[in-house]
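The values are calculated or read from the model by the stated rules, or taken from the named source; none is laboratory data. In this text the structure is predicted, and so the values were computed from the model without any measurement. As a convention, Cβ positions derive from the backbone with ideal geometry for all residues, glycine included, and neighbour counts pool all protein chains shown. Ligands, DNA and RNA are excluded from the accessible area calculation, which covers all protein heavy atoms including side chains. Shrake-Rupley method; radii C 1.70, N 1.55, O 1.52, S 1.80 Å.
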Amino acid sequence: MRLIFLGPPGVGKGTMATRTKDLLGTPHISTGELFRENVSKGTPLGIKVKTIMERGNLVPDEMTVAMVKERLDKPDASDGFILDGFPRTIPQAESLSDITGLDFVLNLQCPSEELIKRLTGRRFCPTCNRTYHIHYMPPKTEGRCDADGTELLTRDDDSLEAVKNRLEVYTKSTEPLVHWYQKHGLLQNVDASAAPDGVFESIRKVLNR
Ligand code: AMP
């Protein structure tokens, strides 16, 4: 199955895409993760995109499309894939439609106050990469990783300033894709304001699984 998870930052695309990957056995391709890997390894691409990402802006379409093309060419994606965080602009969607067809576009929806709460509350452990949330999944000791006691950090792009910018960028550049995919008959809306189990149930219903 060839799927796209569409929706604003913080709506839970990553969480739902991971669970859907386990359900379908198709690879989960997150452009945000691919970029972050490049940044942490210090690759030429990572060096180019680091500041763009920290500010919550979009990486130029050409670089993003080239990276996705390369990933979709790998053999594990030949029978299907779950794209998370791509496409984010109409030109990206047009390039994708030149590369492959799609079965569903799942549009996850949630009010923006909840998105801000979800994003600014996220924390991670720089030692073991475990993730937490100050409201929804707090560590046993405030500010410390349960596994190794390391001080938890906030992703640069989860600062309040960057989050507000990311939501504005979403409204301006990515939201037009909702209409675009609706026009192409691929869009399925999913209420993602509920807790993760409920959202995943709605996704299973859409996918008939
Ligand atoms: P995410 O983890 O999906 O929120 O992505 C983190 C950051 O990676 C975004 O704020 C962008 O800077 C960059 N990024 C991820 N996917 C894309 C994309 N499809 N187009 C442009 N930039 C992207």
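Computed values, structure above
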read-out	value
Rounded to whole Hz, the Karplus (6.51, -1.76, 1.60) HN-Hα couplings of region 73-86, x for glycine and proline	6, 5, x, 5, 9, 6, 9, x, 6, 10, 8, 10, x, 8
Residue-wise HN-Hα coupling along region 199-209, computed from phi with Karplus coefficients 6.51, -1.76, 1.60 (Hz; x: Gly, Pro)	5, 5, 4, 4, 5, 4, 5, 4, 7, 6, 10
Those aspartates and glutamates that a straight Cα-Cα span of less than 13 Å connects to Lys13, excepting residues fewer than 8 apart in one chain	Glu33, Asp84, Asp191
Contact order relative to length of the chain, as percent, for alpha carbon pairs under 8 angstrom and 6 or more apart	29
Per residue value of the accessible surface for region 94-209 (all protein chains in place, 1.4 Å probe), Å²	59
Where N is the number of residues in region 2-207, Cα Rg divided by 2.2 N^0.38 Å	1.01
Residue among Ala77, Pro126, Gly185 farthest towards the positive dipole end of the chain, charges placed on Cβ	Pro126
Lys183/Thr127 FRET efficiency (R0 45 Å; Cβ-Cβ; nearest 0.05)	0.45
Two-site label geometry, Thr51 and Arg144: point separation in nm, points 7 Å out along Cα→Cβ	3.8
Gly85 long-range amide H proximity, modeled H, under 5 Å	Phe5
Per-peptide average of other Cβ atoms within 10 Å, ordering 164-171, 111-118 highest first	164-171, 111-118
Computed magnitude of the charge dipole of the chain (debye, nearest 20; Cβ of K, R +1, Cβ of D, E -1)	140
Paramagnetic reach from Ser78 in region 22-45 [backbone N under 18 Å; point 7 Å along Cα→Cβ]	25-28
Theoretical FRET efficiency, 1/(1+(r/R0)^6), r = Cβ-Cβ of Ser112 and Glu37, R0 22 Å, to 0.05	0.15
Violating pairs (Cα-Cα greater than 28 angstrom) within the set Lys74/Lys117; Lys21/Lys183; Lys140/Lys172; Lys164/Lys205	Lys74/Lys117; Lys140/Lys172; Lys164/Lys205
Per-residue ³J(HN,Hα) for region 55-65, Karplus 6.51 cos²θ - 1.76 cosθ + 1.60, θ = phi - 60°, Hz, x for Gly and Pro	7, x, 8, 8, 5, x, 3, 4, 5, 5, 5
Among 60-68, 132-140, the order from most to least packed when residues are scored by Cβ within 10 Å on average	60-68, 132-140
Degrees separating the helix 90-99 axis from the principal Cα axis of the chain, which is the longest one	60
